[in-house]
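K.L.:
Structure in C-alpha cells, see below.
The values are calculated or read from the model by the stated rules, or taken from the named source; none is laboratory data. Remember, predicted model here, so these are calculated numbers, not experimental data. Because the Cβ atoms are built from the backbone with ideal geometry, glycine has one as well, and the counts that use them run over all protein chains shown. Heads up: the accessible areas ignore ligands, DNA and RNA and are worked out on the full protein's heavy atoms, side chains in. Shrake-Rupley method; radii C 1.70, N 1.55, O 1.52, S 1.80 Å.
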Amino acid sequence: MGECVFCRIIAGELPATIVYQDDKVMAFRDIHPVAPTHVLIVSREHIPDLRAPEAADRDLMAAVAKAIRLIAEKEGLLAEGFRVVSNTGVKAGQSVFHLHFHLLGGRELGALG
Ligand code: 5GP
Ligand code: ZN
C-alpha cells in the first residue's frame with residue numbers, strides 16, 4: 001500500500017489537482033487526460049478494484065454516485081452527458097490497483113471497446 005500511487009495522493013504525499021472530496025472518496029484530474037474532462041474518483045480506503053467485497057459498501061457507492069453528479073455538474077456535462085468507466089483487472093486495462101472510476105466527457109466519446 002505504501003507503493004500505491006493513489007494512496008500517496010490521498011495522503012498528500014504526491015500532488016494532484018483535486019476537484020472534489022468527502023469522507024469516502026477523493027476526485028482529481030488524470031495525469032494523462034484522454035478527454036477535456038478526465039477525472040478519477042478514488043475510494044479513500046485502499047480497495048484493489050470492484051471485485052473486492054468492500055467495493056460493494058452502500059455508503060461508498062452512494063458517495064461515488066454523488067461525486068459523479070457534482071463533478072459532472074461543475075464541468076458543465078449534465079446536459080450533454082459523460083462516461084464513467086472502472087477498469088477491473090489487467091485484461092481490462094487496469095494499471096493502478098486502487099479502486100477508481102474514470103469520469104470522461106467534453107468530446108464525442110464513441111463506442112466502447
Ligand atoms: P487505470 O489504467 O488503472 O484504469 O487508470 C489509472 C489512471 O491513473 C490512468 O489513466 C493514469 O493516467 C492515471 N494516473 C497514474 N498515475 C497518476 C498520478 O500520479 N496522478 C494522476 N493524477 N493520475 C495518475
Ligand atoms: Zn491505494
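K.L.:
Name, by its number, the condition in (1) assigned to a loop (DSSP other than H, G, I, E, B); (2) more than 16 Å from ligand 1 (Cβ to nearest atom); (3) in contact (Cβ under 8 Å) with a residue 12 or more places away in the chain; (4) open to solvent by less than 90 Å² (accessible area, probe 1.4 Å) that does not hold for Gly110.
P.N.:
With respect to (1) assigned to a loop (DSSP other than H, G, I, E, B); (2) more than 16 Å from ligand 1 (Cβ to nearest atom); (3) in contact (Cβ under 8 Å) with a residue 12 or more places away in the chain; (4) open to solvent by less than 90 Å² (accessible area, probe 1.4 Å), Gly110 is out only on (3).
K.L.:
Which members of segment 26-46 meet the condition of being more than 16 Å from ligand 2 (Cβ to nearest atom), of a type in the set (A, V, I, L, M, F, W, C) and open to solvent by less than 80 Å² (accessible area, probe 1.4 Å)?
P.N.:
Hits for segment 26-46 are Ala35, Val39.
K.L.:
Can you name every residue in segment 69-107 that is over 16 Å from Asp30 (Cβ atoms), without any contact (Cβ under 8 Å) to a residue 40 or more places away in the chain and not hydroxyl-bearing (Ser, Thr, Tyr)?
P.N.:
The answer is Arg69, Glu73, Gly76, Leu78, Ala79, Glu80, Gly81, Val90, Lys91, Ala92.
K.L.:
Something else about it: Residue check: is Asp49 open to solvent by less than 60 Å² (accessible area, probe 1.4 Å) and either within 30 Å of Glu108 (Cα to Cα) or part of a helix (DSSP H, G or I) (or both)?
P.N.:
Judged against the criteria, Asp49 is a match.
K.L.:
Continuing with the same structure: Among the residues of segment 94-101, is there at least one that is within 24 Å of Leu112 (Cβ to Cβ) and more than 16 Å from ligand 2 (Cβ to nearest atom)?
P.N.:
Looking for residues that are within 24 Å of Leu112 (Cβ to Cβ) and more than 16 Å from ligand 2 (Cβ to nearest atom), one finds none in segment 94-101, hence no.
K.L.:
Return the residues of segment 52-73 that are in contact with a strand residue (DSSP E or B) (Cβ under 7 Å, 6 or more places away or on another chain) and either of a type in the set (Phe, Trp, Tyr) or surrounded by fewer than 16 Cβ atoms within 10 Å (Cβ to Cβ) (or both); say none if nothing qualifies.
P.N.:
Across segment 52-73, the qualifying residue is only Leu70.
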